[in-house]
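Novice: Next up is a structure, given as structure tokens.
The values are calculated or read from the model by the stated rules, or taken from the named source; none is laboratory data. Computed from a predicted model, the values in this text were never measured in an experiment. Counting neighbours? That spans all protein chains shown, and the Cβs are built from the backbone with ideal geometry, glycine included. Note: areas computed on protein heavy atoms with side chains; ligands, DNA, RNA excluded. Shrake-Rupley method; radii C 1.70, N 1.55, O 1.52, S 1.80 Å.
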Amino acid sequence: MKTATTTLLVIGGGPGGYVAAIRAGQLGIPTILVEAEHVGGTCLNIGCIPSKALIHAAEEFEKIRHHVHDSPLGIVVGEARIDLARTVLWKDGIVKRLTGGVAALLKKSGVQVVNGWARILDGKTVEVQESGKAGLEGAMRISCEHLLLATGSQAVELPFMPFGDAVISATEALSPESLPRQLVVVGAGYIGLELGIAYRKLGAEVTVVEAMERLLPAYDDELVKPVAASLRRLGVHVHLGCSVLGLNTAGDAVRLRDAAGNESEAASDRVLVAVGRKPRIEGWGLESLLLDMNGRAVKVDNQCQTSMRQVWAIGDLTGEPMLAHRAMAQGEMVAEIISGKRRHFTPAAMPAVCFTDPEIVVVGMTPHDAERAGMDCISASFPFVANGRAMTIEGTDGFVRVVARRDNHLIVGWQAVGRAVSELSTAFSQSIELGAQLEDVAGTIHAHPTLGEAVQEAALRALGHALHI
């Protein structure tokens with residue numbers, strides 16, 4: 001058996017793991033990264049990046065189909081069709097370029113990458129079965145001073161409707177060989193709606209089933225209303241307050257039960273189960289460390305240290321919020337702590353984006369959050385219907401909303417729903433992280449015509465003197 005010794009051993013090459021390894025390498029820390037599949041993890045390979053590529057392709061296709069009939073822009077085109085195989089090939093090309101770039105950065109930083117499946121023996125030793133190599137020839141034992149756990153998460157499976165054949169997770173949904181005629185999406189969270197809307201725009205009949213009484217349960221009603229309107233406009237069928245019982249005997253429909261106990265069926269030739277994700281804690285020896293847990297997640301402090309000295313955990317493995325940018329920030333921090341820097345993970349703002357149609361952004365506190373926290377806050381919204389740039393891109397649905405303390409006007413939250421509002425998330429996060437007040441944003445000159453003007457106008461409205469409404 002081959003052996004190796006290193007200062008930092010990272011298990012998992014997703015956004016958190018590879019960023020930690022790159023930063024550690026930059027800081028001169030001898031580092032080995034173990035990844036079972038491809039560097040980039042779920043995000044780059046089967047999550048964030050490929051889903052946004054598919055969403056973009058679906059939006060462009062739907063836009064062209066719209067122009068076939070009656071375009072207010074005066075654009076006239078012939079019948080539109082989509083070559084799904086070519087779409088998937090384009091999406092895969094983006095993934096390949098990004099993962100190849102990550103691999104190059106790891107190499108540039110002096111990180112040794114071991115492709116294989118890791119199993120923890122103890123807090124200082126890991127055994128790896130290298131990919132494509134059998135028996136002892138492919139086995140490697142690595143000893144380390146610091147062990148960083150970054151194994152990510154996996155899709156939650158329904159026990160009565162396991163993945164396989166027509167029942168798929170987001171992973172399979174992102175690389176379709178064909179377009180289903182009738183797709184049932186189980187779960188109306190951000191993953192289910194993002195992909196459900198994309199498939200509808202590609203031409204599939206889509207039915208969304210949600211156990212709770214509302215779409216996107218993690219977001220407040222005002223933000224969800226434009227998305228619900230978009231679903232109706234697109235012709236997506238929505239069943240709220242319904243539980244899924246499984247497939248029918250013929251396997252061509254999903255059995256449903258509503259809150260009153262009435263049963264029905266939703267026809268389907270493919271079922272996307274998107275009921276959430278869970279930390280990946282099984283199959284790699286985590287239990288041998290006897291770490292303190294927080295439910296199914298590994299418990300960490302504000303430096304991402306676990307209950308075992310010099311064993312660290314980051315990203316989805318540590319629970320909500322399961323966001324790639326959170327994992328990246330944690331990974332960079334852990335590398336710097338190991339190098340001797342003084343760091344703590346205490347962000348003032350953590351942006352969350354839902355890439356539905358329209359998009360939703362939430363940063364910091366909503367008005368309801370502030371109220372529950374006992375804070376006396378003011379909030380104000382500015383609608384995109386009064387924004388010139390929104391009109392020119394046919395995106396007048398939605399608004400920008402600011403939440404600030406009443407006493408000193410300190411901004412504690414931003415929310416937005418509308419076309420392309422994901423690009424406003426940086427400004428939202430920076431204003432909260434830098435401790436901006438309403439007057440700071442209101443007094444900053446914003447370029448015209450841009451969607452960003454709605455940010456300034458929301459701050460002005462909170463101060464009582466909006467200019468364009």
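Novice: Of all residues in the stretch 167-212 being of a type in the set (S, T, N, Q) and over 18 Å from residue 46 (Cβ atoms), which is surrounded by the most Cβ atoms within 10 Å (Cβ to Cβ)?
Specialist: 207
Novice: Only one of 218, 229, 260 is open to solvent by 40 Å² or more (accessible area, probe 1.4 Å), more than 27 Å from residue 154 (Cα to Cα) and among the aliphatic types (A, V, I, L, M). Can you tell me which?
Specialist: Among 218, 229, 260, only 260 is open to solvent by 40 Å² or more (accessible area, probe 1.4 Å), more than 27 Å from residue 154 (Cα to Cα) and among the aliphatic types (A, V, I, L, M).
Novice: May I pose another question? For the stretch 19-45: of the residues being closer than 16 Å to residue 147 by Cβ and outside any strand (DSSP E or B), which is most open to solvent (accessible area, probe 1.4 Å)?
Specialist: My answer is 30.
Novice: Just checking, which of 100, 40 is on the phi > 0 side of the Ramachandran plot and among the small types (Gly, Ala, Ser)?
Specialist: 40
Novice: For the stretch 445-459, what are the residues that are open to solvent by less than 50 Å² (accessible area, probe 1.4 Å) and either among the aromatic types (Phe, Trp, Tyr) or touching a residue at least 24 places away in the same chain (Cβ under 8 Å) (or both)?
Specialist: 450, 451, 452, 453, 454, 455, 457, 458, 459
Novice: Inside the stretch 58-116, can you point out the residues that are part of a loop (DSSP other than H, G, I, E, B) and within 21 Å of residue 175 (Cβ to Cβ)?
Specialist: Once the filter is applied, which keeps residues that are part of a loop (DSSP other than H, G, I, E, B) and within 21 Å of residue 175 (Cβ to Cβ), the stretch 58-116 yields 81, 82, 83.
Per-residue answers, yes or no, for (1) over 27 Å from the mean Cα position of the chain (by Cα); (2) more than 30 Å from residue 124 (Cα to Cα); (3) in contact (Cβ under 8 Å) with a residue 24 or more places away in the chain:
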| position | (1), (2), (3) |
| --- | --- |
| 4 | yes, no, yes |
| 14 | no, no, yes |
| 49 | no, yes, yes |
| 77 | yes, yes, no |
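Novice: Further question: Which residues, taken from the stretch 412-422, are closer than 23 Å to residue 226 by Cβ and crowded, with 20+ Cβ neighbours inside 10 Å?
Specialist: Correct list: 413, 414, 415, 416, 417, 418, 419, 421.
Novice: List every residue pair whose Cβ atoms lie under 9 Å apart, where the two residues are 6 or more positions apart in sequence or sit on different chains, the first residue falls within the stretch 347-363 and is open to solvent by less than 40 Å² (accessible area, probe 1.4 Å) and modelled with pLDDT under 95, and the second residue, located anywhere, is not polar (S, T, N, Q) and not in a strand (DSSP E or B).
Specialist: Every condition considered, the pairs that remain are 349/428; 349/432; 349/433.
Novice: Here's another thing I want to ask about it. I'd like to check something: does the stretch 218-226 contain any residue that is in a loop (DSSP other than H, G, I, E, B), touching a Gly at 6+ places or on another chain (Cβ under 9 Å) and at pLDDT below 95?
Specialist: Yes, there is a match, as at least one residue in the stretch 218-226 is in a loop (DSSP other than H, G, I, E, B), touching a Gly at 6+ places or on another chain (Cβ under 9 Å) and at pLDDT below 95.
Novice: Please indicate, with yes or no, whether at least one residue in the stretch 423-430 is among the aliphatic types (A, V, I, L, M), open to solvent by 10 Å² or more (accessible area, probe 1.4 Å) and over 26 Å from residue 72 (Cα atoms).
Specialist: For the stretch 423-430, residues among the aliphatic types (A, V, I, L, M), open to solvent by 10 Å² or more (accessible area, probe 1.4 Å) and over 26 Å from residue 72 (Cα atoms): present.
Novice: Yes or no: residue 291 open to solvent by less than 50 Å² (accessible area, probe 1.4 Å) and part of a strand (DSSP E or B)?
Specialist: Here the answer is no, as residue 291 does not meet what is asked.
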